Amino acid sequence: GGGGAAAAAASAATPQWPPPLDEEHDAHVAQLRRAELPQLRDELYLDYTGTALFSVAQLENHTRELSATLYGNAHTRSPCSEHTSAVLDDVRKRVLRWFNASTEQYDVVFTSGTTASLKLVAEAFPWARGRSRFAYLRDNHNSVLGMRRVASAAGARWEVVDERGVPAL
């Protein structure tokens, strides 16, 4: 029967875990880590929710950009502020393109970080007293609890779910 051939094809298409050792790749990653992330030394860094690491190339490129370009307050009128506005508009368009999102339907808003972003969303959301429900994962960013406070003050119900409860929403 065809079942054996189909099972063999499915098995062949399934990636092996753990992946086989690739010494060339591992050596490349180790060299890249030494060159671009010297601050790690022999450390294992897992706190990307708090602060992402910066590479040597990022620092060099950023320093070169800031040394060569005068940026100004995007909310004023001057040549440097108009340049800043143009750069920000370009970045907004690039973000929307990355997500295949239309400039007609979506806006990109830059904030100081996750907490400010979540606060902005919670305060702008049109909560309907008695009809809105705010559900969030038990494992989340602490600022989600601030969103819950805003939703609750506006009369929304709230509930904590785990990953298994998400499809039921």
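Does Ser55 satisfy the condition of being in contact with a helix residue (DSSP H, G or I) (Cβ under 6 Å, 6 or more places away or on another chain) and of a type outside the set (D, E, K, R)?
For Ser55, the condition - in contact with a helix residue (DSSP H, G or I) (Cβ under 6 Å, 6 or more places away or on another chain) and of a type outside the set (D, E, K, R) - is met.
What are the pairs with Cβ atoms under 8 angstrom where one residue, in region 101-112, is open to solvent by 100 Å² or more (accessible area, probe 1.4 Å) and the other, located anywhere, is of a type in the set (Lys, Arg)? Sequence gap at least six, or different chains.
From region 101-112, the pairs are Asp107/Arg92.
Checking Ala68 against (1) more than 24 Å from His141 (Cβ to Cβ); (2) surrounded by 11 or more Cβ atoms within 10 Å (Cβ to Cβ); (3) aliphatic (A, V, I, L, M): exactly one of these is not met. Which one?
Of the numbered conditions (1) more than 24 Å from His141 (Cβ to Cβ); (2) surrounded by 11 or more Cβ atoms within 10 Å (Cβ to Cβ); (3) aliphatic (A, V, I, L, M), the odd one out for Ala68 is (2).
Scan region 127-169 for residues that are open to solvent by 60 Å² or more (accessible area, probe 1.4 Å) and in a helix (DSSP H, G or I) and jot them down.
Within region 127-169, Leu145, Arg148, Arg149, Ala153, Glu163, Arg164 meet the criteria.
Would you tally the residues in region 49-65 being more than 20 Å from the chain's Cα centre (by Cα) and open to solvent by less than 60 Å² (accessible area, probe 1.4 Å)?
Within region 49-65, residues that are more than 20 Å from the chain's Cα centre (by Cα) and open to solvent by less than 60 Å² (accessible area, probe 1.4 Å) number 2.
The values are calculated or read from the model by the stated rules, or taken from the named source; none is laboratory data. In this text, all values refer to a predicted model and were calculated from it rather than measured experimentally. Every residue, glycine among them, receives a Cβ derived from its backbone with ideal geometry; neighbour counts consider all protein chains shown. Protein only, heavy atoms only, side chains kept; ligands, DNA and RNA dropped before computing areas. Shrake-Rupley method; radii C 1.70, N 1.55, O 1.52, S 1.80 Å.
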